[in-house]
1. Can you tell me the accessible area per residue over the stretch 113-167, all protein chains present, probe 1.4 angstrom, in square angstrom?
2. Once the piece of chain linking Glu13 and Ser32 is laid out straight, how much longer is it, given 0.36 nm per residue of separation minus the C-alpha distance between them?
3. Hey, with R₀ at 35 Å, roughly what FRET efficiency would Asn121 and Thr25 work out to, going by the Cβ-Cβ distance, to 0.05?
4. When only DSSP loop residues count, what trypsin sites (Lys or Arg not before Pro) in the stretch 80-156 have their Cβ near at most 12 other Cβ atoms within 10 Å?
5. Assuming 0.36 nm per residue, please report the length gained on full extension of the stretch Asp131 to Thr80 beyond their Cα-Cα distance.
6. May I ask which of Lys26/Lys49; Lys49/Lys133; Lys26/Lys65 have a Cα-Cα span longer than 21 Å here?
7. What's the Kirkwood radius of the stretch 1-136 in Å, using all Cα pairs?
8. How much of Glu14 can a 1.4 Å solvent probe reach, expressed as accessible area in Å² and rounded to 10?
Amino acid sequence: MAETFKLPCSSYEELIKLFQAYANTKEGTALSLDEITQATGVPRTIVSKNNGFMVQVGLITEGNKKAATETGRALGRAYTSKITDEVDRIWKEIIAEVDFLNRMLSAVRIRNGMDRSSFINHIIYSSGLKDAKESRAGAGALIEIFKSVGVLSEVDGKLSVLDEPSSARVSVASNTISAEQTHSEPVAQQALPVATISAKNSIVINININCTPADIDGLGEKISQLLYELSE
């Protein structure tokens, strides 16, 4: 099992209160659990558990007292000012940078959609946490974040990826994996051999990989992650 990812343990609405509380202070001000509880009404133990998630996604600093990072301040203030476009932009950047969040969206895309219950189960299993009430609340909060910023839709109980944030990772599109190009000038591409893998229920998936020489570094790890997702 991979390293544990700390899920939030509150609803999306309660998380927003925490984002705002950390952001609406003087820059660099570190706050204690009791101070956040006083500002939000969220119980101290719940604040503490949510802090783990917020540290992992880069919204607050580590330490006994925690301060909003630059990203955390921008996000919290965008929520306070109801600047939806800014909220969407910041979350999409976070999702693109945080591997766990990336993998969760990829799991939905690979399966051509998932029902909500299955996705919650997948998030909890992948996080390495126990299937408890708080974990399910946190997984549900992640789904609401994905939906609110326009990367996930829910229609008739089925969740589908709308706009997977771009990053320097392998992007899944149908059965083809293409490494993103970051060069403005054309560069020679190196075609890697076609790989054939067998997923569950005897489904054979052919994967053709096209990438530039600069993209090859670390490609093996990304392909391994894709094969892990397919094998679940």
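The values are calculated or read from the model by the stated rules, or taken from the named source; none is laboratory data. Keep in mind that this is a model prediction, so the values were computed, not measured. We place every Cβ from the backbone using ideal geometry, glycine too, and count neighbours over all the protein chains shown. Just the protein is used for accessible areas: all its heavy atoms, side chains included, with ligands, DNA and RNA removed. Shrake-Rupley method; radii C 1.70, N 1.55, O 1.52, S 1.80 Å.
1. Accessible area per residue, the stretch 113-167: 44 Å².
2. Here the answer is 4.7 nm.
3. Rounded to the nearest 0.05, the efficiency is 0.40.
4. Numbers: sites: Lys82, Arg89, Lys92, Arg103, Arg109, Arg111, Arg116, Lys130, Lys133, Arg136, Lys147; in loops: Lys82, Arg111, Lys130.
When the trypsin sites (Lys or Arg not before Pro) of the stretch 80-156 are filtered for loop state and at most 12 Cβ neighbours within 10 Å, Lys82, Lys130 remain.
5. Full extension from Asp131 to Thr80 adds 15.1 nm.
6. Details: Lys26/Lys49 24 Å; Lys49/Lys133 13 Å; Lys26/Lys65 14 Å.
In this structure, Lys26/Lys49 exceed 21 Å between Cα atoms.
7. Numbers: mean 1/r = 0.0639 Å⁻¹.
After inverting the mean inverse Cα-Cα distance, the result is 15.6 Å.
8. 50
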